[in-house]
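Only one structure is covered here, and it is reproduced in the block below.
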Amino acid sequence: MLVSGAGLTIALAQAAPNDGNEKEACGCHKDGGGHHDSGNASLQHVASSHGETAIDGPDGALGWEGWLPANQQPSSTKHPSNRANVSPLSLSSIAAAQASMMLFEPPDAHAGQAVAQRGVGQAIMTLSHPGAALELAEHALGNLPIEEAVLTRAPKVPPPIRRSHPVLLKVFLETTTKVMQLTNRLKYEFWTFNDVVPGPMIRARVGDVVELTLKNTDQTGNPHNIDCHGFEGPGGGAPITTAQQDESKTARFKLLYPGLYIYHCAAAPVPAHIMNGMYGMMLVEPEYSTLPPVDREYYVLQSEFYTEPLDSTGGNQVVEPSYPRGLDEQADIVVFNGKEGALTTDQPLQAKTGEHVRIYFGNAGPNLCSSFHVIGGIFEKVWRDGDLVSPPGRFIQTVLVPPGGSSVLDIHPVVPGTYTLVDHAIFRLDKGAVGYLNVTGKDRPDIYSGGIPQPCPGCKLHP
């Protein structure tokens, strides 16, 4: 039978004496079925045509899963998204989980019998008490390899995932307040994850179990939490991660679906926490990557700020947030990566002609949609809405990204020079929404020619 628990799926075979009819017991050779000549074939048998098989309890009734609490119920997700436009076909998280627990060394359709020989396996097979299923869930989780997440500050991106199995991915976030530069002349008291705005980027894989620890060191007394759009369950994790001042909370979330997801604080009042800088992004890669390799990757997150008029008494440069202006959706400042100049004077993006550049772009809002555009460039591929498995759009000029949304954008510059990142609601250029992609390399007069570029006094589109 197939048993799911705590985000991991395990195949268990009833341990029975060998009656010399293994083929019939397995069922894989009935009705002319083929021979298991590879590990993939074995996995396909267990995963039942690449999806999760129905779980059969004793006498065909709901068995051990009926004893699980609601939040521990087994997944019935067939993960069709992981099989779209992918070669070879994904076997869903079942295959990855089994591989990580080494149930098939060597590949064997009866590997579940070996599991049944373990102590916990014997206890579960008898289903002698209601806690047995939970024991299996804990045992399965304990068999996941453990990794510390690589967290990066924008515009840097964590390295691509090379492994082909799920892990228990430990993520540590700390909430703080910090006065930092917002514009060239104004400072702001940001509410942050890990002292940065936007918060660090997280990279994971479908099937991973994220163990998130949130430590609240904000000394203003505000509670904080995490609502991650990639976490399935109430509040995206917010109700079970809410931490009061000087408190830490730890929770675990299995990643069921691939995508590029926004995370943010959702403590009350939610708009204030987002407006003040508490947001970031998490990339969840499919089991079989649908994104072709590129030369460079960047993390860009747009957001806006609402401020009261500056009280400059005594040389004060710290501007105060304005909740009423947020309610009216009258943004004073619109920026990439948390501040004016983050992608111009501080850390402009870099590339060479002929390189393929990928931008993981998100919009934290809290109110405005973004019409993201790179002046002088055309997006060769666009995975809209953070959807990593549908066919990408091709040769797109401007991408609309709503608050709380994202897109993955590939660009391939072949002419050297400065390509300017903007929100094409173009008045926002004067509110701070501008960045540079500086491309170096040989001129291409066969593509771009006509004289010497002229200066543009006062223009913010060029360095």
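Selection over region 232-262 of residues that are of a type in the set (Lys, Arg) and either in contact with a Leu (Cβ under 7 Å, 6 or more places away or on another chain) or modelled with pLDDT under 95 (or both) gives a count of 1. Is it fair to say residue 363 is under 20 Å from residue 387 (Cα atoms) and in contact (Cβ under 8 Å) with a residue 60 or more places away in the chain? Yes: the conditions hold for residue 363.
Among the residues of region 424-431, is there at least one that is among the β-branched types (Val, Ile, Thr) and farther than 27 Å from residue 186 by Cα?
Among the residues of region 424-431, not one is among the β-branched types (Val, Ile, Thr) and farther than 27 Å from residue 186 by Cα, which makes the answer no.
Here residue 389 fulfils each of the conditions (1) surrounded by fewer than 20 Cβ atoms within 10 Å (Cβ to Cβ); (2) farther than 28 Å from residue 307 by Cα; (3) in contact with a helix residue (DSSP H, G or I) (Cβ under 8 Å, 6 or more places away or on another chain) apart from (1).
Just to be sure I understand, how many residues within region 396-448 are more than 27 Å from the chain's Cα centre (by Cα), of a type in the set (S, T, N, Q) and over 16 Å from residue 461 (Cβ atoms)? Number of matching residues: 1.
Of the residues 422, 401, 415, the single one that is in contact (Cβ under 8 Å) with a residue 40 or more places away in the chain, among the aliphatic types (A, V, I, L, M) and over 28 Å from residue 258 (Cα atoms) is 415. Taken as a whole, the condition of being outside any loop (DSSP other than H, G, I, E, B), more than 20 Å from the chain's Cα centre (by Cα), not hydroxyl-bearing (Ser, Thr, Tyr) and not assigned by TED's automatic domain parsing to the domain that holds residue 348 applies to residue 190. Listed by first and then second residue, the pairs with beta-carbon distance under 6 Å, at least 6 apart or on different chains, first residue in region 223-238 and farther than 13 Å from residue 278 by Cβ, second among the acidic types (Asp, Glu) and buried (at least 16 other Cβ atoms within 10 Å of the Cβ), are 235/227; 236/227. Total residues in region 190-209 satisfying the condition of being surrounded by fewer than 24 Cβ atoms within 10 Å (Cβ to Cβ) and of a type in the set (Asp, Glu): the figure is 1. For residue 281, the conditions (1) under 24 Å from the mean Cα position of the chain (by Cα); (2) outside the structural domain of residue 232 (by TED's automatic domain parsing); (3) crowded, with 24+ Cβ neighbours inside 10 Å all hold with the exception of (2). Per the conditions (1) touching a His at 6+ places or on another chain (Cβ under 8 Å); (2) among the hydrophobic types (A, V, I, L, M, F, W, C); (3) surrounded by 15 or more Cβ atoms within 10 Å (Cβ to Cβ), the sole criterion not satisfied by residue 456 is (3).
In this entry, residue 441 is excluded by the filter for residues that are over 30 Å from residue 275 (Cα atoms), at pLDDT below 95 and either of a type in the set (Lys, Arg) or surrounded by fewer than 21 Cβ atoms within 10 Å (Cβ to Cβ) (or both). Report the residue count in region 209-226 for those that are assigned to a strand (DSSP E or B) and in contact with a Cys (Cβ under 7 Å, 6 or more places away or on another chain). Residues in region 209-226 being assigned to a strand (DSSP E or B) and in contact with a Cys (Cβ under 7 Å, 6 or more places away or on another chain): 1 in total.
Does at least one position in region 153-174 carry a residue that is in contact with a strand residue (DSSP E or B) (Cβ under 6 Å, 6 or more places away or on another chain), part of a strand (DSSP E or B) and more than 22 Å from residue 250 (Cα to Cα)? No: zero hits. Cβ separations smaller than 7 Å between residues 6+ apart or across chains give the following pairs from region 239-267 residues that are buried (at least 18 other Cβ atoms within 10 Å of the Cβ) to residues that are among the acidic types (Asp, Glu): 255/208; 256/232; 258/285; 259/387; 263/227; 264/227; 266/227.
The values are calculated or read from the model by the stated rules, or taken from the named source; none is laboratory data. The model shown is predicted, which means the values in this text are computed figures rather than measured ones. For neighbour counting, all protein chains shown are included, and Cβ atoms are generated from backbone atoms with ideal geometry for every residue, glycine included.
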